[in-house]
């Protein structure tokens with residue numbers, strides 16, 4: 001008997017230290033060039049500012065508590081919307097994949113709403129719910145829920161016949177079959193949907209905040225731009241981007257943890 | 001072969017099965033009857049696509065016959081049950097479960113304590129030679145080892161009859177020879193009752209106490225051939241003149257009845 005037969009190659013190889021250094025080098029060159037060009041006014045500082053001014057503005061926003069205050073507002077709408085979308089989307093998608101008739105009935109609607117540019121719904125949602133946490137939550141929810149439904153649906157539908165047969169032979173009833181076979185078989189698809197949702201949710205919440213309100217990361221980006229507070233504008237952009245990176249990396253980690261058997 | 005009351009047997013009687021396709025009704029199983037006694041290993045050999053697997057699936061309770069009856073230990077077979085366990089050609093392991101969890105998976109619906117489930121799983125894993133691989137996931141095992149997990153999962157249930165659907169068709173030739181001998185050893189040692197479907201004539205003769213030769217679609221039972229080579233059997237018996245004569249006979253029957 002051979003030992004481990006086809007041992008899988010490590011799924012993710014870290015980039016070599018050299019490549020990392022090159023990445024950092026390029027960034028440094030860009031930042032220095034920007035700094036010089038900004039301070040010497042080779043570029044219009046009204047539009048572009050420069051790194052040290054942006055850093056200063058960032059620090060001020062951190063120190064005076066503005067970042068924390070606005071982060072809470074954005075995070076609230078984001079988390080509630082994304083979480084609700086994951087729960088509702090997973091449940092609906094899995095149900096569609098599991099009960100074929102139900103799936104066939106709902107499928108055209110999912111296709112329609114997935115294809116629709118959902119940002120187009122924002123004016124109606126704002127009309128109905130006003131500028132409020134609720135409207136922002138609903139916007140995030142609508143933005144995120146469809147890819148999750150779609151993935152859960154495909155995931156449940158593609159459960160290999162063989163695995164279902166195997167479970168049935170060993171006496172699994174409908175509920176046990178769903179919990180022990182269909183759900184875990186759909187999990188890779190579901191998680192891919194959640195990953196998409198995490199990124200999409202960030203876009204949705206920022207765009208929702210553009211439309212109005214008095215706080216939140218997106219609202220501060222919009223306000224800074226209107227008032228030509230360029231360093232602050234870039235500072236808010238930086239915070240938003242860093243938050244998005246943290247969320248995507250977190251989702252990556254979660255995916256690798258949940259999929260460690262694959 | 002020991003005689004036993006028919007209540008302890010697997011009885012297949014006047015079985016018919018058709019599939020409805022876009023091209024009309026396709027007969028798959030045509031009037032098949034046979035019995036399997038406790039402790040007996042019966043092998044079914046026939047061309048690929050001859051309906052052998054369908055027969056096994058009906059006995060497992062995954063499909064229902066159009067006509068005829070299936071009884072095990074005096075009870076009609078209408079759905080899957082723990083007195084029948086199946087070994088699948090393509091293993092049917094849950095890729096997200098470890099070796100141990102996959103074996104326990106087969107015991108899920110039995111009303112025994114979790115401790116006993118674990119104990120049985122470990123015992124079965126040991127029996128198929130996978131001790132030390134309990135925490136491996138199927139992906140990290142060779143095809144042969146995956147099928148050993150499939151065998152352990154079925155053995156752990158302690159079924160009245162072990163249903164084997166082309167169990168070694170998906171593993172390489174070398175491993176196949178080793179595993180045939182191993183399965184024969186396990187089945188003989190456990191006095192297990194098994195019904196094994198294959199398209200490999202040598203496998204059918206090597207493992208079976210009796211070989212049922214099936215015609216190609218629709219499957220009919222052409223002939224029943226007792227294999228009077230005593231057990232335990234060693235791989236060398238395959239070269240004996242007795243074995244070769246049986247092989248030639250089965251081959252001739254299959255050629256005559258395969259379209």
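The values are calculated or read from the model by the stated rules, or taken from the named source; none is laboratory data. Note that the structure is a prediction, hence the values are computed from the model and not measured. Neighbour counts are summed over all protein chains in view; Cβ atoms, including those assigned to glycine, are modelled from backbone coordinates with ideal geometry.
The table that follows gives values for the structure above.
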{"item": "Of all residues making up the stretch B:29-57, the number that are at pLDDT 90 or above and farther than 28 Å from residue B:191 by Cα", "result": "3"}
{"item": "Pair list, Cβ under 6 Å, 6 or more apart: the stretch B:27-48 residue without any contact (Cβ under 8 Å) to a residue 40 or more places away in the chain, other residue assigned to a loop (DSSP other than H, G, I, E, B)", "result": "B:35/B:9"}
{"item": "Qualifying residue in the stretch B:55-68 (condition: in contact with a helix residue (DSSP H, G or I) (Cβ under 6 Å, 6 or more places away or on another chain), over 29 Å from residue B:143 (Cα atoms) and loosely packed, with under 15 Cβ neighbours inside 10 Å)", "result": "no"}
{"item": "Hey, residue B:126 outside the structural domain of residue B:192 (by TED's automatic domain parsing), part of a helix (DSSP H, G or I) and over 25 Å from residue A:262 (Cβ atoms) or not", "result": "yes"}
{"item": "Those residues of the stretch A:170-210 which are within 14 Å of chain B (Cβ to nearest Cβ) and in contact (Cβ under 8 Å) with a residue 40 or more places away in the chain, in sequence order", "result": "A:178, A:182, A:183, A:186, A:187, A:188, A:190, A:191"}
{"item": "Which numbered condition residue B:190 fails, given (1) away from every other protein chain (no Cβ under 14 Å); (2) touching a helix residue (DSSP H, G or I) at 6+ places or on another chain (Cβ under 8 Å); (3) within 18 Å of residue B:151 (Cα to Cα); (4) surrounded by 19 or more Cβ atoms within 10 Å (Cβ to Cβ)", "result": "(4)"}
{"item": "Residue check for residue A:243: more than 14 Å from chain B (Cβ to nearest Cβ), at pLDDT 90 or above and under 22 Å from residue A:147 (Cα atoms)", "result": "yes"}
{"item": "Test: residue in the stretch B:48-67 that is closer than 15 Å to residue B:164 by Cβ, assigned by TED's automatic domain parsing to the domain that holds residue B:225 and in a loop (DSSP other than H, G, I, E, B)", "result": "yes"}
{"item": "Residue, surrounded by the most Cβ atoms within 10 Å (Cβ to Cβ), within the stretch B:121-134, restricted to residues that are within 11 Å of chain A (Cβ to nearest Cβ) and in contact (Cβ under 8 Å) with a residue 24 or more places away in the chain", "result": "B:128"}
{"item": "Filtered residues of the stretch B:224-255 (kept if surrounded by fewer than 18 Cβ atoms within 10 Å (Cβ to Cβ) and within 19 Å of the chain's Cα centre (by Cα))", "result": "B:224, B:226, B:231, B:232"}
{"item": "Meets criteria (modelled with pLDDT of 80 or more and surrounded by fewer than 11 Cβ atoms within 10 Å (Cβ to Cβ)) for residue A:24", "result": "yes"}
{"item": "When residues of the stretch A:57-72 are limited to those that are surrounded by fewer than 12 Cβ atoms within 10 Å (Cβ to Cβ) and in a helix (DSSP H, G or I), the one nearest to the chain's Cα centre (by Cα)", "result": "A:72"}
{"item": "Only listed residue being modelled with pLDDT under 90, in contact with a strand residue (DSSP E or B) (Cβ under 6 Å, 6 or more places away or on another chain) and part of a strand (DSSP E or B), chosen from B:12, B:25", "result": "B:25"}
{"item": "Residue identified as under 18 Å from the mean Cα position of the chain (by Cα), in contact (Cβ under 8 Å) with a residue 12 or more places away in the chain and over 25 Å from residue B:62 (Cβ atoms) among B:184, B:118, B:155", "result": "B:184"}
{"item": "Scan of the stretch B:73-104 for residues that are buried (at least 18 other Cβ atoms within 10 Å of the Cβ), facing chain A (nearest Cβ under 7 Å) and within 15 Å of residue A:181 (Cβ to Cβ), ordered by number", "result": "B:80, B:88, B:92, B:94, B:96"}
{"item": "Residues of the stretch B:97-108 classified as closer than 22 Å to residue B:131 by Cβ and not in a helix (DSSP H, G or I), total", "result": "4"}
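Per-residue answers, yes or no, for (1) within 13 Å of another protein chain (Cβ to nearest Cβ); (2) more than 23 Å from residue B:81 (Cα to Cα); (3) buried (at least 16 other Cβ atoms within 10 Å of the Cβ):
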{"site": "B:114", "(1), (2), (3)": "no, no, no"}
{"site": "B:117", "(1), (2), (3)": "yes, no, yes"}
{"site": "B:139", "(1), (2), (3)": "yes, yes, no"}
{"site": "B:160", "(1), (2), (3)": "no, no, yes"}
{"site": "B:173", "(1), (2), (3)": "no, yes, no"}
{"site": "B:179", "(1), (2), (3)": "yes, yes, yes"}
{"site": "B:183", "(1), (2), (3)": "no, no, yes"}
{"site": "B:200", "(1), (2), (3)": "no, yes, yes"}
